[in-house]
1. Within region 87-107, list the residues whose amide N lies under 18 Å from a label point set 7 Å along Cα→Cβ of Asn60.
2. Could you give the size of the charge dipole of the chain about its Cα centre, using +1 on the Cβ of each K and R and -1 on the Cβ of each D and E, expressed in debye and rounded to the nearest 20?
3. Among Val40, Ile76, Leu169, pick out the residue whose Cα is farthest towards the positive end of the charge dipole of region 10-223, where Lys and Arg carry +1 and Asp and Glu carry -1 on C-beta, about the Cα centre.
4. Any chance you could check the Cα centroid distance between region 68-135 and region 5-20 for me, in angstrom?
5. So what is the relative contact order for region 106-176, in percent, with contacts set as C-alpha pairs under 8 Å and at least six apart?
6. For Arg243, project a label point 7 Å along Cα to C-beta. Then give me every residue of region 216-231 with its amide nitrogen under 14 Å of that point.
7. Per residue, how big is the convex hull of the chain when only Cα atoms are used? Give it in Å³.
8. Starting from the Cα of Asn158, step 7 Å along the direction of its Cβ; do the same at Asp106; then give the gap between the two resulting points in nm.
Amino acid sequence: MIPKTAGKALSEEELRAYSKCSQLWYYGGKYKATELGQVVQTATEYWMAQRTRTSQLNYNLTLTKGVEIGMIKAEIRKKNLAAKADQIQNQAFLWMDYFFRQFRQDEYFPVSGPLPWRVQIGKTAIDLRFSGAFRTKKNQTLHIINFTPLTKRQDQLNDPLTHLKLYALEKLVKYHGQRPQAVLHLLWSPDSKQEKLGYDIILGENLDPKYLKMISAQVQQIEAGFHFPVVPCKSFSCEFKNRCFPGASGKKK
């Protein structure tokens, strides 16, 4: 049987949507990062791309320009009042300044800006994306920057795609003794109660095979065209709720 994914690759956004609700994936829905998360991801990828080209950067100017590009791409000033837009811009700059100052130039050097990476699960190709990479000068350990639209630390650490990326890094980085092959820097969108992005790290040795089996099972279901709405649906804000359950308001009463 020809799989439903024949001739195309799944993006990590599509696979994450299927993990949440197969019907959400079927309708073309995706997880969406918060506005702050969108701005910081775009700005981070811009900064990393510029930093890999030259070490002679004006640090503050490059950060500022990256944030401005992120604001434009996410249409922050079109969607928000001026005060809210300024708040997002300031938060993005301060958070990025905090994050990048951890990678001192005498200890780390950038090796990549945004990095697409393709893995094969079953009969389906899956396109992953890393936002940038540093390597330590002493141990040559690879430090990968990774964003997701998830909003809680526990969801981030238990996200099957996090472990799929660790699996991909095992193939990318050769084993070299007692030192970790790679460190995945996890950056995720804040929920409404947070004012800054979530941040944690996970090592390649923390790869949990059970998540790879979970993804493999989900990919098999996608290949078979299997999808159904989750009952009861707890996503009151889902834009497809009325299509799954005709007559539903889509809003919490």
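1. Counting backbone N atoms under 18 Å from the label point, the list is 89-102.
2. 360
3. Result: Leu169.
4. Rounded to whole Å, the Cα centres lie 21 Å apart.
5. Across region 106-176, relative contact order equals 24 percent.
6. 227-230
7. Hull volume normalised by residue count: 151 Å³.
8. 4.3
No value in this document is a laboratory result; all are computed from the given coordinates. All values derive from a computational prediction rather than experimental measurement. FYI the Cβ positions are ideal-geometry reconstructions off the backbone, even for glycines, and counts take in every protein chain you see.
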